[in-house]
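What follows is a single structure, written as structure tokens, with notes after it.
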């Protein structure tokens, strides 16, 4: 996937309002594995348990199960889990909740990016995920259970 470029941003970053930009799962994985960034999974603990997780990612839920209520400790948990000097890569199920989390992380002073497609990607014509995109679909590191 080729993303549009902006002369002020690295070539694999798509500009976005309110945070540093959108990046592909593959770029996020490269930055994270090289130590240039911290991967922050903002999915609920239930999602991590039922669907799978990225070993080594920092877990700071944006919303909590049940009911998907806002995590009142999000700011404090994020600030204690990630150094302000590192880029933050925000990952959720489909790349939607992580936009709001990236915007909030930016307000807190982080250089925050949204990971496009998320962990599971968008649903296909049958309503099933992991078939059109996402971290798992692209064969990036993850575990079940």
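Since every read-out is calculated from the coordinates, none of them should be taken as a lab result. Please read all numbers here as calculations on a predicted model, not as lab measurements. For neighbour counting, all protein chains shown are included, and Cβ atoms are generated from backbone atoms with ideal geometry for every residue, glycine included.
Antiparallel beta bridges, as assigned by DSSP with both residues in the range 21-115, represent about 10 percent of the total such bridges.
Among 117, 47, 125, 107, sorting on how many other beta-carbon atoms sit within 10 Å of each Cβ, with the fewest leading, yields 125, 107, 47, 117. Computed from the Kirkwood radius of its Cα pairs, the Stokes-Einstein diffusion coefficient for the chain at 25 °C and 0.890 mPa s stands at 163 µm²/s.
Over the chain, DSSP H runs of length four or greater, each weighted -39,500 (n - 2.57), average out per residue to a 222 nm ellipticity of -7000 deg cm²/dmol. For the range 128-145 and the range 65-79, what is the centre-to-centre distance using only Cα atoms, to the nearest Å? First find each Cα centre; the distance between them is then 24 Å. Multiplying the residue separation of residue 86 and residue 33 by 0.36 nm and subtracting their alpha-carbon distance yields 17.8 nm.
Go ahead and run the numbers for FRET between residue 69 and residue 49, Cβ-Cβ distance against an R0 of 22 Å, rounding to 0.05. According to the calculation, E is roughly 0.80. For a label point 7 angstrom out from the Cα of residue 107 toward its Cβ, which stretches of the range 58-101 have the backbone nitrogen within less than 11 Å? Residues 75, 100-101 fall inside that zone.
Test of understanding: in a Gaussian network model of the chain with alpha carbons linked when under 10 Å, which of 54, 115, 40 would top the mean-square fluctuation ranking? Maximum among the listed residues: 54.
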